[in-house]
Amino acid sequence: MGSVEFHRQGNQDLAEKDVHYEEEYIECWETKRFTCRWLPVHQEIKALVFLCHGYAMECSVFMRETGIRFAQAGYAVFGIDYEGHGKSDGRRCYVESFTALVNDTIAFFKSIRAEMEIYGNKARFLYGESMGGAVVLYIHRKEPQEWSGAILQAPMCKISEKVKPPAIFTSILLKLAEYIPSWKIVPSANIIDNAFKDPIKRQEIRANPLIYQQLPRVKTAVECLKASEDLAKHLDEVTLPFLVLHGEEDRVTDPNISRELFQTSKSCDKEFKLYPGMWHGLTAGESDDNIELVFNDIIRWLNNRSPTNARDSPLRHADVESAMEFTTPSKLQDKELPKACRVAAQACG
């Protein structure tokens, strides 16, 4: 990857929300990537949170509420629009290489980590939504020692059998990607209709011109499929602390896959939250009360893992087994781990 250069494009003060917001562009392979950050104004920074948005989404508008909430809670928040997404250069929602997308994201995150003289040796967390969850897992694979933990909201870490295309169709896609990679012809249910439950919020999201709302491109679909299949083979290699959240009625990614990640990974500090009645967009498409519930769970998890002194300080919870938890908000008494997870806890201990 070439050198990363920054070009300040704007500076928006959110003083009324105790948050300072900045936008910058980075030069990446002679094209520009849009980046942004939300910083707390009147409190010490607890830790750093790095955002990875989902397929067709973007950071500055769609993830604005996420950035503000985390900053209000004391976190420095950084986001990047992938190539072809949001305000970044590139053909709209065209993913030539999932590996290149991940590497671009890592390059930006590394540039922030180089600013440690500003932020100190703070804990560093990855936050990924849907396809962004896959990006997070790839970043963890490439940089296993660099991150304090990850938050995975409805992650695309394996294609559900319910929506996985037939093998013959996959073979056709692979062949088409060689000849017409950018064509927008992949049959797909409307992601906005299927991801966001609240009709008013759904319309607000649909009105965002930065969100791609046409059919998936052939190469993009192939790259996402290949990435998901690869991640599915390596769920047991996930070792960092993580919180995975999923709506029980998600029709975009399968909550059972998040459960599989929770049960299969070697992480000794992991938590799985399953929300009855909720869809895919937990922090953007639910009722205000449900969104508040989800953000409270996320910020609680971050606060418990954000020591004030150093990134590698010990967690505040008592022991490994207490850190492994599977709960549903409506059945908080269901904290007994599945057998596979109890065994994993003993192995980690």
(request) Determine whether the range 135-149 contains at least one residue that is outside any loop (DSSP other than H, G, I, E, B) and more than 25 Å from V222 (Cβ to Cβ). (result) yes
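Take the conditions surrounded by fewer than 23 Cβ atoms within 10 Å (Cβ to Cβ) and either touching a Gly at 6+ places or on another chain (Cβ under 8 Å) or over 30 Å from P181 (Cα atoms) (or both) and apply them to L282. Does it pass?
Values: surrounded by fewer than 23 Cβ atoms within 10 Å (Cβ to Cβ): no; either touching a Gly at 6+ places or on another chain (Cβ under 8 Å) or over 30 Å from P181 (Cα atoms) (or both): yes.
Considered against the rule, which asks whether it is surrounded by fewer than 23 Cβ atoms within 10 Å (Cβ to Cβ) and either touching a Gly at 6+ places or on another chain (Cβ under 8 Å) or over 30 Å from P181 (Cα atoms) (or both), L282 comes out as no.
Given the options S148, S160, name the one that is under 17 Å from P255 (Cα atoms), hydroxyl-bearing (S, T, Y) and either at pLDDT below 95 or touching a strand residue (DSSP E or B) at 6+ places or on another chain (Cβ under 8 Å) (or both).
Working: S148 fails: under 17 Å from P255 (Cα atoms).
Criteria check complete, one pass: S160.
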(message) Can you report the number of residues in the range 109-134 which are without any contact (Cβ under 8 Å) to a residue 40 or more places away in the chain and either among the acidic types (D, E) or assigned to a strand (DSSP E or B) (or both)?
(response) 2
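Table: residues versus (1) touching a helix residue (DSSP H, G or I) at 6+ places or on another chain (Cβ under 9 Å); (2) in contact (Cβ under 8 Å) with a residue 60 or more places away in the chain.
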{"residue": "I205", "(1), (2)": "yes, yes"}
{"residue": "N208", "(1), (2)": "no, yes"}
{"residue": "Q214", "(1), (2)": "no, yes"}
{"residue": "V222", "(1), (2)": "yes, no"}
{"residue": "L231", "(1), (2)": "yes, yes"}
{"residue": "H234", "(1), (2)": "yes, yes"}
{"residue": "V244", "(1), (2)": "yes, yes"}
{"residue": "Q263", "(1), (2)": "yes, yes"}
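When you scan the range 9-105 for strands (runs of 3 or more DSSP E) that lie fully inside it, which ones turn up with 1 or more residues that are of a type in the set (G, A, S) and closer than 21 Å to I298 by Cβ? Lay out the reasoning, then the answer.
Values: elements: 19-28, 31-40, 47-52, 75-80.
Strands (runs of 3 or more DSSP E) meeting the threshold: 47-52, 75-80.
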(message) Can you tell me which residue is farthest from the chain's Cα centre (by Cα) among those in the range 166-197 that are surrounded by 14 or more Cβ atoms within 10 Å (Cβ to Cβ) and charged (D, E, K, R)?
(response) K184
(message) Please verify whether L225 is in a helix (DSSP H, G or I) and in contact with a Leu (Cβ under 6 Å, 6 or more places away or on another chain), treating the condition exactly as stated.
(response) no
(request) Identify all residues within the range 200-215 that are more than 20 Å from the chain's Cα centre (by Cα) and assigned to a loop (DSSP other than H, G, I, E, B); write none if there are none. (result) A207, P209, Q214, L215
(message) Looking at (1) over 18 Å from R141 (Cα atoms); (2) buried (at least 24 other Cβ atoms within 10 Å of the Cβ), which one does L243 not meet, given that it meets all the others?
(response) (1)
(message) With the requirement that a residue be under 18 Å from G67 (Cα atoms) and among the aromatic types (F, W, Y), what does the range 121-168 give you?
(response) F125, Y127
(request) Give the residues of the range 216-240 that are buried (at least 18 other Cβ atoms within 10 Å of the Cβ), more than 15 Å from G54 (Cα to Cα) and under 18 Å from the mean Cα position of the chain (by Cα), sorted by residue number. (result) L231, L235, V238, L240
(request) Determine whether V244 is assigned to a helix (DSSP H, G or I) and among the β-branched types (V, I, T). (result) no
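The values are calculated or read from the model by the stated rules, or taken from the named source; none is laboratory data. Values in this document were obtained by computation on a predicted structure and should not be read as measured data. Glycine also receives a Cβ, built like all others from the backbone with ideal geometry; neighbour counts cover every protein chain displayed.
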